[in-house]
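The values are calculated or read from the model by the stated rules, or taken from the named source; none is laboratory data. These numbers were taken from a predicted model, which means no experiment stands behind them. Heads up, the Cβs are rebuilt from the backbone with ideal geometry, glycines too, and the neighbour counts pull from every protein chain shown. SASA here: full protein model, heavy atoms, side chains in, ligands and nucleic acids out. Shrake-Rupley method; radii C 1.70, N 1.55, O 1.52, S 1.80 Å.
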Amino acid sequence: MSNSSPARAAAAAPLTASPKRENGYSVGPATQLIIKDVGEIHSRLLDHRPIIQGETRYFVKEFEEKRGHREMRVLENVKNSVSETNGHVLPRCADVMQDQFGLVLKSLESANQTIHRLQQQERENEKSNTAPEVRHEKLRSQWEAFMKEQEKRRLAIDEEHNKAVLRLKEQYAQMDKELFKMAS
């Protein structure tokens, strides 16, 4: 068998209206039938588009029948909600936001002024207390006052604790007496 057989040449070359080929071979009706059959087999085996399209149409038809166009109603409801939101709710929200924006801006401005005033006072305090000895002395006096207050609190708590211990001792002594009376 040679590589240039008429069947291979006919299968490889596109079909033309004339049964004669350029190289002088004529394609007979049997060869044309074989080429047609090969084309159909190729189409059926390798071209899945018609099958997929048919299956898709069947699925969509079944889906729509079983679901009763419910998705269309849901989408219509969503569209209506979005339209209502865009038409009514969003403008109202924008109006309320514009109204409240002025109040918020005023509050922020007053807070900003207060912060600037506090920063200014802090700068003045730092300038007046620049001497480390003055600051150190001030902190020492505050610490001593704090420690005195803590000592007073400790003494008061110790006294209260001692009184509570005495009360509990008396209470347990009384309970022991009563228990001794009950036992005898």
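Of all the residues that make up segment 56-94, how many are at negative phi and either small (G, A, S) or over 38 Å from the mean Cα position of the chain (by Cα) (or both)?
As a first pass, look at segment 56-94 and keep what is at negative phi: 56-67, 70-94.
With the extra rule that they be either small (G, A, S) or over 38 Å from the mean Cα position of the chain (by Cα) (or both), the set shrinks to 58, 81, 83, 87, 94.
Of the residues in segment 56-94, 5 are at negative phi and either small (G, A, S) or over 38 Å from the mean Cα position of the chain (by Cα) (or both).
Inspect segment 112-126 for any residue being at pLDDT below 85 and assigned to a loop (DSSP other than H, G, I, E, B) and give the result as yes or no.
no
Report yes if S141 is farther than 30 Å from V60 by Cβ, among the polar types (S, T, N, Q), open to solvent by less than 100 Å² (accessible area, probe 1.4 Å) and at pLDDT below 90, otherwise no. Show your work before the answer.
Working: farther than 30 Å from V60 by Cβ: yes; among the polar types (S, T, N, Q): yes; open to solvent by less than 100 Å² (accessible area, probe 1.4 Å): yes; at pLDDT below 90: no.
Judged against the criteria, S141 is not a match.
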